[in-house]
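This report concerns only the one structure given below.
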């Protein structure tokens, strides 16, 4: 058995893209910053323009940079990377559901694994600003009786996002947004007869989060998610 592990040899484009990623992570490059031109990067790095272009294309496909064409265009650090991530996840899940690579029950199972502890974390971390928003959400839920099915589904998504906001974790919000949106849009079983179940226990979840009761928030979110098993 050899004690010498294989060493990954990174290509020059990979090294360039990794360097730019490092600059983003460390804050030297910030959202909205414009990168040097292709010519300037090629000259400063001492590599060919096709090599730099390949590195930038990789960053673009990852959603880390945006390419803007025109006189004032160029390569810019993406200003809303969480949105890019959410859209990518949403498209991937929707594609899998459309072509039967995934079932809605699979998605519901993952939602429960994420959103039940998320509710507890929300109860633990919610801020004064969050409390005001939760009270507004509670009022909307109390007045949802005459809403259409589409409006109810949008309100339910907004409810789940309001709970995710309280966790103070942007990645949690991104994941829940993608999964919940995909689930609500993919189910063919929602109709006016089961509108009441879609928002069931939502107010109880909010009350528990407002009270800072971790266990109650998780328990009520579990009940809320279980109503979707009826469909």
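Mind checking which residues of the range 21-55 are in a loop (DSSP other than H, G, I, E, B), modelled with pLDDT of 90 or more, touching a strand residue (DSSP E or B) at 6+ places or on another chain (Cβ under 9 Å) and surrounded by fewer than 17 Cβ atoms within 10 Å (Cβ to Cβ)?
33, 36, 37, listed by residue number.
Given the criteria at pLDDT 95 or above and either touching a strand residue (DSSP E or B) at 6+ places or on another chain (Cβ under 9 Å) or farther than 18 Å from residue 174 by Cβ (or both), does residue 120 qualify?
Taking the combined requirement at face value, the residue satisfies it.
Would it be correct to say that residue 88 is on the phi < 0 side of the Ramachandran plot, surrounded by fewer than 18 Cβ atoms within 10 Å (Cβ to Cβ) and within 21 Å of the chain's Cα centre (by Cα)?
So residue 88 passes the test.
Suppose we filter 96, 129 for residues that are surrounded by fewer than 17 Cβ atoms within 10 Å (Cβ to Cβ), within 20 Å of the chain's Cα centre (by Cα) and without any contact (Cβ under 8 Å) to a residue 12 or more places away in the chain; which single one remains?
One residue alone meets the criteria, 96.
May I ask you to list the residues in the range 56-80 that are surrounded by fewer than 12 Cβ atoms within 10 Å (Cβ to Cβ) and on the phi > 0 side of the Ramachandran plot?
Result: 70, single match.
Within the group 163, 179, which residue is buried (at least 21 other Cβ atoms within 10 Å of the Cβ), under 11 Å from the mean Cα position of the chain (by Cα) and touching a residue at least 24 places away in the same chain (Cβ under 8 Å)?
179
Got a number for residues in the range 142-160 being surrounded by 15 or more Cβ atoms within 10 Å (Cβ to Cβ) and closer than 25 Å to residue 105 by Cα?
Final tally of qualifying residues: 7.
The values are calculated or read from the model by the stated rules, or taken from the named source; none is laboratory data. Remember, predicted model here, so these are calculated numbers, not experimental data. Cβ atoms come from the backbone with ideal geometry, glycine included; neighbour counts cover every protein chain shown.
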